[in-house]
């Protein structure tokens with residue numbers, strides 16, 4: 001069983017990593033709708049609407065609270081990953097690397113993406129490129145053909 005706490009008051013238990021990340025993506029979609037009225041549709045193009053909240057997180061959390069940045073990155077990364085899964089197919093995988101969990105979207109064609117890591121780097125300022133452009137750079141060729 002997997003437990004998620006990001007953006008929720010009490011932990012939820014999930015039967016699979018796919019279920020957990022789908023839930024987390026829904027949390028982001030609900031938050032964006034509540035804050036801006038925008039309804040995200042899980043398309044690659046909808047990822048560009050994450051930039052404002054990610055900028056806000058970079059300004060308020062940045063490198064000062066790595067644990068909070070990690071939770072927020074997991075949640076925002078779940079939305080990005082779900083967009084990639086809907087476009088390219090695939091499954092989530094949870095792996096440990098250097099004592100930390102790494103969430104990957106693995107596609108049927110063998111590609112692997114780490115959207116939560118991308119969001120963490122964006123929030124902490126180690127990566128300045130916005131997430132939408134990052135997705136286009138990393139998955140653009142693959143998603144253009146679908």
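Here is a yes/no grid of residues against (1) in contact (Cβ under 8 Å) with a residue 24 or more places away in the chain; (2) outside any helix (DSSP H, G or I):
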{"residue": "18", "(1), (2)": "yes, no"}
{"residue": "22", "(1), (2)": "yes, no"}
{"residue": "27", "(1), (2)": "yes, no"}
{"residue": "30", "(1), (2)": "no, no"}
{"residue": "33", "(1), (2)": "no, no"}
{"residue": "38", "(1), (2)": "no, yes"}
{"residue": "42", "(1), (2)": "yes, yes"}
{"residue": "56", "(1), (2)": "no, no"}
{"residue": "59", "(1), (2)": "no, no"}
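Flag not set for residue 87, criterion: without any contact (Cβ under 8 Å) to a residue 24 or more places away in the chain, surrounded by 15 or more Cβ atoms within 10 Å (Cβ to Cβ), in a helix (DSSP H, G or I) and in contact with a helix residue (DSSP H, G or I) (Cβ under 6 Å, 6 or more places away or on another chain). Within the option set 78, 137, being under 23 Å from residue 18 (Cα atoms) and without any contact (Cβ under 8 Å) to a residue 60 or more places away in the chain holds for one residue only, 78. Considering only residues in the range 90-106 that are surrounded by 18 or more Cβ atoms within 10 Å (Cβ to Cβ) and touching a helix residue (DSSP H, G or I) at 6+ places or on another chain (Cβ under 8 Å), the one that is nearest to residue 54 (Cα to Cα) turns out to be 103. Residues in the range 90-130 that are out of contact with any strand residue (DSSP E or B) (no Cβ under 6 Å at 6 or more places or on another chain) and part of a helix (DSSP H, G or I): 115, 117, 118, 119, 120, 121, 122, 123, 124. Regarding residue 68, is this residue part of a helix (DSSP H, G or I), touching a strand residue (DSSP E or B) at 6+ places or on another chain (Cβ under 8 Å) and more than 17 Å from residue 135 (Cβ to Cβ)? No.
FYI, it's all coordinate maths here, none of it is from the lab. If you're wondering where the values come from, they're calculated on a predicted model, not measured in any experiment. Counting neighbours? That spans all protein chains shown, and the Cβs are built from the backbone with ideal geometry, glycine included.
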